[in-house]
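Remarks on the structure that follows.
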Amino acid sequence: MGEKSRLRQALSRWADSSEAHQRDLRQSHATGEAVAIADAPEREHVVVNGVLRTVTLRPRGGVPALEAELDDGSGVITIVWLGRRRISGVDPGRSVTVAGCIGKQSGVPIMFNPRYELRP
């Protein structure tokens, strides 16, 4: 087996595991009240579930802002809590349900100051 063949197999396994992970996220975060991030309409009140991929303190206009990427396997949305430096329990890897209105900023879905519920 050549070097390129082993590399191709390793990349293929990684891609397959990534797709399986996204599928598992979609299945584990589907509930009756929540919509998939990919299907969530803009400018309407929605509820979405997912796992926080990143949580970052990033000031906006001189105001502290806690930003997080929420992934449900169908898509990713940026969640921003303005005026917050930290929220206890809001950490990468945590399952969360958020409710609010989705907008777009530079083509990326974003939700400001949503209601949230930490999930086990």
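Please treat every number below as a calculation from the coordinates, not as lab data. These numbers were taken from a predicted model, which means no experiment stands behind them.
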| said: Shape verdict for the range 68-120, please, from the Cα gyration tensor: rounded (a/c under 1.5), prolate (a/b greater than b/c) or oblate. | reply: oblate
| Stretchable slack from Arg8 to Cys101, in nm (0.36 nm times residue separation minus alpha-carbon distance) | 29.3 nm
| request: Report the extension gain between Arg85 and Val108 in nm, rounded to one decimal, defined as 0.36 nm multiplied by the number of residues separating them, less their alpha carbon distance. | output: 6.1 nm
